[in-house]
Amino acid sequence: MHITESDQLLELEDNQFMGELPKLSNSQINFKGKNNFLICEEGVHLWNSRIDFNMDNSVLYLSSNIHDYSVNIALHKNCVCFIGKNNFFNGRTNFVLSEAKNIVLGDDCFISYNVVFRTSDGHCIYNTKSKNRMNYARSIYAGDHVWFGQNSFIFKGSKIGSGSIIGAGSVVSNRTINSNTTYGGAPLKLINEDTFWTPHSTNGWGEDEIEKMSRSDIDLFTYDVDDKTLDLDEIEQNLNSFTDLDDVISYIWLKFLVGGKNRFTIK
């Protein structure tokens, strides 16, 4: 079913919609499979976006957002994509979920132009001697308040802790990025530890603003492990163990919609 008006979501037969109807501006949602769930919180505005449920049994959860969603999201079979609250998409962001793997993105992230999230390479690579496959798909987890620089690629197996910075043009694959660190490059390298960033835009600053913001004493964007910190390996195991999508949705509500500041801390 090809959807360009939000009211059409109420006419789904082989798939399900839950929540508040999103606003669609130059956007489309395509259901090509069966038994998929789209869940939208209040305040979801899809602008210049495309969502494709290409196969069956996948879940997409879009949280409320004070900014527009500008995304291309392609879900294949048995995938879960969760996008948290108030993420800023500065240009269209691509999410490709394949081979029954998942993408989880926390709250309050800044995502610059041409950023791509992919759980799979899309084709198999084998060892010439053993003939065994070498490039299995893996899920992606990114925490709260992460800054993704322009043209960065977030590939399979990436775990990115809250408060971190991924520099422009970076390639992150099968890497664990600790909270409050800065990484960049291809190949990816640690640039700085013990860093945090603030959401102020510096584009229009002059000397007065530069001087005023030469120091920041806030601790709001510094993250530490506590008793609310999630075990991402356990979450991955549980998400992949469910056979009923109602259980998947209940688990999303339990794990991602509650919890403290440090839920996605990685140290």
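This model, with +1 at the C-beta of Lys and Arg and -1 at the C-beta of Asp and Glu, gives the range 1-49 a dipole about its Cα centre of some 240 debye.
Packing-based ranking of 103-110, 87-94, 121-128 yields 103-110, 87-94, 121-128, ordered from highest to lowest mean Cβ neighbour count within 10 Å.
Pairwise alpha-carbon distances in the chain exceed 28 Å for 35% of all pairs.
Give me the net charge for the shell around Asp107: Cβ to Cβ below 13 angstrom, other residues only, Lys and Arg +1, Asp and Glu -1. Result for the local shell: 0.
For the chain, the antiparallel share of DSSP beta bridges with both residues in that region comes to about 10%. Solvent-accessible area of the chain (1.4 angstrom probe, protein heavy atoms only): carbon and sulfur portion equals 47 percent. The DSSP beta bridges internal to the range 1-127 are antiparallel in roughly 5% of cases.
Computed over protein heavy atoms with a 1.4 Å probe, the accessible surface of the chain works out to 50 Å² per residue.
Label positions at Leu220 and Thr4, each projected 7 Å from the Cα along the C-beta direction, are separated by 4.1 nm. Measuring nothing but alpha carbons in the range 63-209 and taking Rh as the Kirkwood radius, the Rg to Rh ratio lands at 1.02. Spacing of the modelled spin labels on Arg50 and Lys34, each 7 Å from Cα toward Cβ, amounts to 2.6 nm. A cut-off under 11 angstrom between Cβ atoms defines the neighbours of Ser27, and their net charge, with Lys, Arg +1 and Asp, Glu -1, is +1.
At an R0 of 30 angstrom, the distance between the Cβ atoms of Asp231 and Trp253 translates into a FRET efficiency of 0.95. Please work out the FRET efficiency for the pair Ala186 and Asn86, using the Cβ-Cβ distance as r and a Förster radius of 35 Å; give the result to the nearest 0.05. In this case the efficiency is close to 0.75. Subtracting the Cα-Cα distance of Arg175 and Gln150 from 0.36 nm times their residue separation leaves 7.1 nm of extension gain. Taking the helices alone, the chain has a mean residue ellipticity at 222 nm of -3000 deg cm²/dmol, built from -39,500 (n - 2.57) per DSSP H run of at least 4 residues and averaged over all its residues. Zone of Asp108 (label point 7 Å along Cα→Cβ, backbone N under 17 Å): which residues in the range 40-72? Hits in the range 40-72 for Asp108 at 17 Å: 63-67.
Packing around the peptides 243-249, 61-67, taken as the average count of other Cβ atoms within 10 Å per residue, puts them in this order, highest first: 61-67, 243-249. Considering the range 125-245 at the alpha-carbon level, its Rg and Dmax are found to be 18.3, 64 Å.
Between the beta carbons of Arg133 and Phe242, assuming R0 = 22 Å, the FRET efficiency works out to 0.30 to the nearest 0.05. What's the center-to-center distance, using Cα atoms, between the range 19-44 and the range 149-167 in Å? A separation of 26 Å, based on Cα centres. Divided by 2.2 N^0.38 Å, where N counts the residues, the Cα radius of gyration of the range 175-252 comes to 1.66.
The values are calculated or read from the model by the stated rules, or taken from the named source; none is laboratory data. Just so you know, these numbers come straight off a predicted model, no measurement behind them. Heads up, the Cβs are rebuilt from the backbone with ideal geometry, glycines too, and the neighbour counts pull from every protein chain shown. These area figures cover heavy atoms from the full protein model, side chains too; ligands, DNA and RNA do not enter into them. Shrake-Rupley method; radii C 1.70, N 1.55, O 1.52, S 1.80 Å.
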